[in-house]
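Colleague: Here you go, one structure.
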Amino acid sequence: MSIGEIKTMIHQYLIQKTDFLSVKDSMTEDQLRVFVDKAISDLCAEDQLEVTMEMRVALIRSLVSSVVSLGPIRPLVEDPEITEIMINGASAIYVQKAGKIELTDVKFESNEHLLHSIQKILAASGSNKRVDESSPYVDFSMTDGSRVNVLLPPCSLIGPVMTIRKFANISEVDQLLKAGTLNDEMATLLIGAMKAKLNVVFCGATGTGKTTTLNVLSKYIPDHERIITIEDTPELRLHQDHVVTLQSKGANVEGKGAISIRDLFVNSLRMRPDRIIVGEVRSEEMLDLIESISSGHSGSLAIVHAESPEDCFSRMVTMMLMTGIRLSTEVIYKQIARAIDLIVHIELFPDGKRRLTYMTDVDWDDAKQDVIMHDVFRFEQKEDSFDDKIEGEWVKTNKKPSFFKKFEKRHIKLPDRFFD
């Protein structure tokens, strides 16, 4: 008898001959495992079935996962090699593994089953958020830090859509080095940048590892500093003790009570911050970030979605213009160039590796009245590289960047002849 047939028999036994349906929601996962294990033993005794230990473990895991919040996607969430889970309705579940997207054979029984799992995952998150037809989309974080986005009909035409971006288990620079994300010299400079209170913007497309890289580098912020983080969905995992975490709030059912990233940013300036870290800048809060840096809040870190350092700078200009501020474009260019020290661009390559492709110094030339963007490091890909094997090298420019004076001011030393 196949494991599928035995699973069906046990499922029917649980429903017809036990009080499983009435007690399952009040049980912990361990209690559910014990309950299902006893049911398997009873069924085997009654029908004289032989079930191996390996099959018993698989049956318990499968049946328990179908009633706890994650349902059939639990094995995907527990797989450390999977970084993203994309659920397009009940019968199409994709994952990103080793940087590449592939279709799985995992399915929900129906869209109703999927919606039930979504509501249980949301309830278990403790976020106090809601999602239904009147409010058909939501962002929240699971207890392990994984970020979840949900979109329901009528906005989705294929049933409930859920995207889970798993929390990357990377906390050390050595792990980034081993993964080929950067090299030793780049790591040395970025660690120094954290200690020297440089204002750094991390940019790249979705899923390139911007937040993970920021999390790792934030470890080198001195412990005595008071850090304030501002996010839409909690993803930042800082290692210091003195950290104040702020999160934006959506409107209530009446459309009132919304608190934006910009509202939180303005308030954070009154909280005596040594550092302000913004999980993602996407709108008018860019003006407040630039003005706060200009007024003395050095050491700010932020994330911007952009395809290159140049695009990142352009987006920052656009976001400032969105406020309706009555300044010329040249003045805005000058403010940003003098506020931001370094732009770090990260890219996900076809071979599945995430690499820092640019570390770009940003400066303002008073003589030319123009922005100067100078690549301190850049990744040069070889022309004969294939998608499944990208070859290249990081190239460093030996010219001292404009922000080097901050290293000297705070006595942050780099290796001898790091810059000629």
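Colleague: Would you mind ranking H113, H239, H411 so that the residue whose beta carbon has the fewest other beta carbons within 10 Å leads the list?
Modeller: Values: H113 16, H239 13, H411 8.
Going from sparsest to densest Cβ surroundings: H411, H239, H113.
Colleague: Relative contact order for the chain: what is it in percent, counting Cα pairs under 8 Å that are at least 6 residues apart? Working shown, then result.
Modeller: Numbers: 714 pairs, mean separation 47.6, N = 420.
The value is 11 percent.
Colleague: What is the distance, in nm, between label points placed 7 Å from the Cα along the Cα-to-Cβ direction at I372 and at K396?
Modeller: It is 2.1 nm.
Colleague: When the Kirkwood radius is taken over all Cα pairs of the range 154-308, what Stokes-Einstein diffusion coefficient follows at 25 °C and 0.890 mPa s, in µm²/s?
Modeller: On the way: Rh = 16.9 Å.
Rounded, D is 146 µm²/s.
Colleague: Rounded if a/c is under 1.5, else prolate if a/b beats b/c, else oblate: with a ≥ b ≥ c from the C-alpha gyration tensor eigenvalues square-rooted, which is the range 74-165?
Modeller: Working: a/c = 1.83, a/b = 1.25, b/c = 1.47.
Because a/c hits 1.5 or more and a/b fails to exceed b/c, the range 74-165 counts as oblate.
Colleague: Pick from A187, A251, A123: which residue has the top mean-square fluctuation in a GNM of the chain where Cα pairs under 10 Å get a spring?
Modeller: For the chain, modelled as a Gaussian network with Cα springs under 10 Å, the answer is A251.
Colleague: Which value, in debye to the nearest 20, gives the size of the charge dipole of the chain about its Cα centre, when Lys and Arg are +1 and Asp and Glu are -1 at the Cβ? Could the numbers behind the result be given before it?
Modeller: Numbers: 51 positive and 64 negative charges, 272 e Å.
With only Lys, Arg, Asp and Glu charged at Cβ, the dipole is about 1300 debye.
Colleague: Say we join alpha carbon atoms closer than 10 Å with springs in a Gaussian network model of the chain; which of R355, R338, R410 then has the biggest fluctuation?
Modeller: R410
Colleague: Ok, one more. Taking the Cα centre of the range 173-409 as origin and charging only Cβ (+1 Lys, Arg; -1 Asp, Glu), how large is the dipole, in debye to the nearest 20? Walk me through the numbers before you get to the answer.
Modeller: Values: 31 positive and 38 negative charges, 170 e Å.
That gives the range 173-409 a dipole magnitude of about 820 debye.
Colleague: Taking the Cβ of D144 as the center, what net charge do the other residues with Cβ under 15 Å away carry, scoring Lys and Arg +1 and Asp and Glu -1?
Modeller: Values: positive: R74, R147, R165, K166, R237; negative: E29, E78, D79, E84, E235.
That works out to 0.
Colleague: Continuing with this model, one more query. What do you get when you divide the Cα radius of gyration of the chain by 2.2 N^0.38 Å, with N the number of residues? Walk me through the numbers before you get to the answer.
Modeller: Details: Rg = 25.4 Å, N = 420, 2.2 N^0.38 = 21.8 Å.
Expressed relative to 2.2 N^0.38 Å, the Cα Rg reads 1.17.
Colleague: Over all directions, the average projected area of the alpha-carbon convex hull for the range 286-420 comes to how many nm²? It would help to have the intermediate numbers written out before the result.
Modeller: Working: hull surface 40.7 nm².
Over all viewing directions, the range 286-420 projects a mean Cα-hull area of 10.2 nm².
Colleague: If you don't mind, there's one more thing I want to ask. Identify which of V200, V23, V131 has the largest mean-square fluctuation in a Gaussian network model of the chain, with springs joining Cα atoms closer than 10 Å.
Modeller: Result: V23 has the largest fluctuation of those listed.
Colleague: Once a ≥ b ≥ c are taken as the square roots of the eigenvalues of the Cα gyration tensor of the range 1-93, is the result rounded (a/c under 1.5), prolate (a/b larger than b/c) or oblate (a/b not larger than b/c)? Don't skip to the end; give the middle numbers.
Modeller: Numbers: a/c = 2.02, a/b = 1.59, b/c = 1.27.
Judged from the Cα gyration tensor, the range 1-93 comes out prolate (a/c at least 1.5, a/b above b/c).
Colleague: For every helix of n ≥ 4 consecutive DSSP H residues, a contribution of -39,500 (n - 2.57) applies; sum these over the chain, divide by its total residues, and give [θ] at 222 nm rounded to the nearest 500 deg cm²/dmol. Write out the running numbers ahead of the final one.
Modeller: Numbers: 14 runs with 145 residues, N = 420.
About -10500 deg cm²/dmol.
Colleague: Next up: Please name which of L190, L177, P234 has its Cα lying farthest along the dipole of the range 164-279 towards the positive end, using unit charges on Cβ (Lys, Arg +1; Asp, Glu -1) and the Cα centre as origin.
Modeller: Farthest along the dipole direction, towards plus: P234.
Colleague: For each of S402, S22, count neighbouring Cβ atoms within 10 Å of the residue's Cβ, then give the residues from fewest to most. Mind showing how you got there, number by number?
Modeller: Numbers: S402 18, S22 8.
Starting with the residue having the fewest Cβ neighbours, the order is S22, S402.
Colleague: Could you tally the net charge around G250, taking each other residue with its Cβ under 11 Å from the Cβ of G250, Lys/Arg +1 and Asp/Glu -1?
Modeller: +2
Since every read-out is calculated from the coordinates, none of them should be taken as a lab result. Worth saying up front: this structure is predicted, and the values here are computed from it rather than measured. Neighbour counts run over all protein chains shown; Cβ positions are idealised from the backbone, glycine included.
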